[in-house]
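**Q** Quick one: structure below, then a few questions.
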Amino acid sequence: MEPADVMSDGIRHSWDLTPREAIALQRELAGRVVLRALPRNFRILGASDIGYVKAGERLAAVMLTFSWPDLLPLEAVHAICPVRFPYIPGLLSFREIPPLIEAFEQLKKRPDVLLCDGQGIAHPRKFGLAAHLGLYLGLPTIGCAKKRLCGIHASPPNKKGCSVPLYLDREAVGSVYCSRDNVKPIFVSPGHLCDQKSAERLVARCLGRYRIPEPLRQAHLLATKLRLEISISSNG
């Protein structure tokens, strides 16, 4: 099933674009991103991730939901889709969002907030995967990435809970957040309908024993499991 070509705000959106057209669309849509505090009370948190099959022609898109704030598992859905857009840094949303939408549409209950494995506005055109997906769905989103895509920052203290701003063109677009003592930091940025303070606060409340927030870790585990199963079945 192909994703609809109309976003939540009624703007038409095509996924069949050249890289140049995709960049132009990012620049156009970035101006529609809204940064504001998350609602104080909500009921369902979502988490998404992508697993790439080794051969590279298919991927597994995963959507999980959890009750908030106790993070009890609610739903787990996925979609196995062919890759339809080339791998180009800064344009991953055009590669990964259509399968994520396909998985999202299988959820019985829509999450109130969605945590994404990727960048929010910490992106060269301030329109990373979390910002793009949030705008498309009309949903508050937060980007949480393991690596920096752009920007500069000071070195954060290696103590859990410490962070420093991530700057792009002298504007703070996210934070470099230490999620555990003496481990590499993660990169947290608002996507859509969220601000930096809310994004960092939510990520902090989702941390457990591991470097990445527990909902994203669970989504990653499922995506990895599906990826391996596909690889085994393809080779068998």
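The values are calculated or read from the model by the stated rules, or taken from the named source; none is laboratory data. Note that this is a predicted model, so its numbers are computed, not measured. Here the Cβ is made from the backbone with ideal geometry for all residues, glycine too, and neighbour counts use every protein chain on show. Ligands, DNA and RNA are excluded from the accessible area calculation, which covers all protein heavy atoms including side chains. Shrake-Rupley method; radii C 1.70, N 1.55, O 1.52, S 1.80 Å.
**Q** Which of Lys109/Lys146; Lys54/Lys108; Lys159/Lys197 have a Cα-Cα distance over 21 Å?
**A** Lys109/Lys146; Lys54/Lys108
**Q** Apply 1/(1 + (r/R0)^6) to the Cβ-Cβ distance of Arg170 and Phe42, taking R0 = 35 Å, and write down the FRET efficiency to the nearest 0.05.
**A** 0.60
**Q** If I model a spin label at Ile232 and Arg27 as a point 7 Å from the Cα along the Cα→Cβ vector, what separation in nanometres do I get?
**A** Taking the simple label geometry, Ile232 and Arg27 are separated by 4.8 nm.
**Q** Could I ask something else about it? Rank Ala130, Ile80, Ser175 by how far each Cα sits towards the positive end of the charge dipole of the chain (+1 on Lys, Arg Cβ; -1 on Asp, Glu Cβ) and give me just the farthest.
**A** Projecting each Cα onto the dipole axis, the largest value belongs to Ser175.
**Q** Scan the range 34-109 for chymotrypsin sites (Phe, Trp or Tyr not before Pro) in coil per DSSP, keeping those whose Cβ has at most 16 other Cβ atoms within 10 Å, and list them by number.
**A** Qualifying residues, ordered by number: Phe42, Tyr87.
**Q** May I pose another question? Starting from the 7 Å offset along Cα-to-Cβ, what nm value, one decimal, do you get for the label separation of Glu75 and Arg211?
**A** Once both label points are built, they end up 3.1 nm from each other.
**Q** Taking a virtual spin label 7 Å from the Cα of Asp195 along the C-beta vector, which residues in the range 27-67 bring their backbone nitrogen under 13 Å of it?
**A** 34-40
**Q** Please list Asp70, Asp49, Asp117 from largest to smallest accessible area, probe radius 1.4 Å, with all protein chains kept in place.
**A** Output order, biggest surface exposure first: Asp70, Asp117, Asp49.
**Q** State which stretch of the chain is the longest one without any exposed GluC sites (Glu not before Pro), exposure meaning a DSSP loop state and at most 16 other Cβ atoms within 10 Å.
**A** In the chain, the maximal stretch lacking such sites is 106-236.
**Q** So, one more: Given +1 on the Cβ of Lys and Arg, -1 on the Cβ of Asp and Glu, and no further charges, what dipole in debye does the range 72-192 carry about its Cα centre, rounded to the nearest 20?
**A** 300 debye
**Q** Okay, next question. When the chain is fully extended, how far beyond the present Cα-Cα distance does Lys54 get from Glu105, taking 0.36 nm per residue of separation?
**A** Length gained, Lys54 through Glu105: 15.8 nm.
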